[in-house]
Amino acid sequence: MSDYSPPDTPLEVVHRDHELLLLAKPAGLLSVPGKGPGLADCLLTRAQAVFPETRLVHRLDRDTSGIMVFALTPHAQRHLGLQFEKRYMKKSYVARVAGALEPATGTVDLPLIVDWENRPRQMVDHENGRAAQTDWRVMRRGDGETRVRLFPKTGRSHQLRVHMLALGHPILGDPFYATGAARDHDRLMLHAESLRLRHPDGGVGMTFRVKCPF
């Protein structure tokens, strides 16, 4: 990641209250700092510069854009962490993938593990992999690609990328898993569109969205 050149964009606040901070992460920006001063710029540190009480809850890949939730209190951090752990948190993504994905809906249920010789790549491993499930729903097809909405039931590293690759439809612009023309795009065509959670103060269900930029 020596070529890290994060976008110089202002912090986009989707929602803020006494417990929660929802931000729109641009593609190309790390969620958390990497190792070394050259990788210090990230959404977490940018948020903490404006809201010093900001606490990390989850991550998005550097190349993925979209909605992220942060906690503003220790209670909210614990509460939201448990929601992710118990899979109460509902997420949806939009992706553009290579080829015509068939059928219109389905589920990928393939366990994943790190590909140690090619880190940070992940791979399917039926013996040692951790359970991973993704539902999909086709939005439209055309021009040799498919726009699809993805609903991860688990939160494994690179889950959506590897699951789409396993179906034979890599996400366009993916520097790790796409090849040839499918790789030749200006960004990874993966966006975290919506996040549904229970508010840490009272448990009311709330849904937050960031419009897909592609």
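Some notes on this structure:
- Cβ-Cβ contacts under 9 Å between residues 6 or more apart (or on different chains), taken from a first residue in the stretch 1-19 that is in a loop (DSSP other than H, G, I, E, B) to a second residue that is of a type in the set (Ser, Thr, Tyr) and at pLDDT 95 or above, are listed as His18/Thr73; Glu19/Thr73.
- Qualifying positions in the stretch 41-59 - of a type in the set (Val, Ile, Thr) and touching a residue at least 24 places away in the same chain (Cβ under 8 Å): Val50, Thr54, Val57
- Leu30 meets the conditions (1) without any contact (Cβ under 8 Å) to a residue 40 or more places away in the chain; (2) within 23 Å of Gln159 (Cβ to Cβ); (3) out of contact with any Cys (no Cβ under 8 Å at 6 or more places or on another chain) in every case but one. The failed one is (3).
- Qualifying residue in the stretch 43-54 (condition: surrounded by 13 or more Cβ atoms within 10 Å (Cβ to Cβ), touching a Lys or Arg at 6+ places or on another chain (Cβ under 8 Å) and of a type in the set (Ser, Thr, Tyr)): no
- Subset of the stretch 187-206 that is touching a Gly at 6+ places or on another chain (Cβ under 7 Å) and part of a loop (DSSP other than H, G, I, E, B) - its residue that is farthest from Lys91 (Cα to Cα): Arg187
- Strands (runs of 3 or more DSSP E) wholly inside the stretch 80-155 containing at least 2 residues that are buried (at least 16 other Cβ atoms within 10 Å of the Cβ) and touching a Ser or Thr at 6+ places or on another chain (Cβ under 7 Å): 90-98, 133-142, 145-152
- Checking the stretch 95-111 against the condition returns a match, with at least one residue being under 15 Å from the mean Cα position of the chain (by Cα) and within 20 Å of Phe208 (Cα to Cα).
The values are calculated or read from the model by the stated rules, or taken from the named source; none is laboratory data. Worth saying up front: this structure is predicted, and the values here are computed from it rather than measured. With ideal geometry, Cβ positions are generated from the backbone for all residues, glycine too; neighbour counts draw on all protein chains shown.
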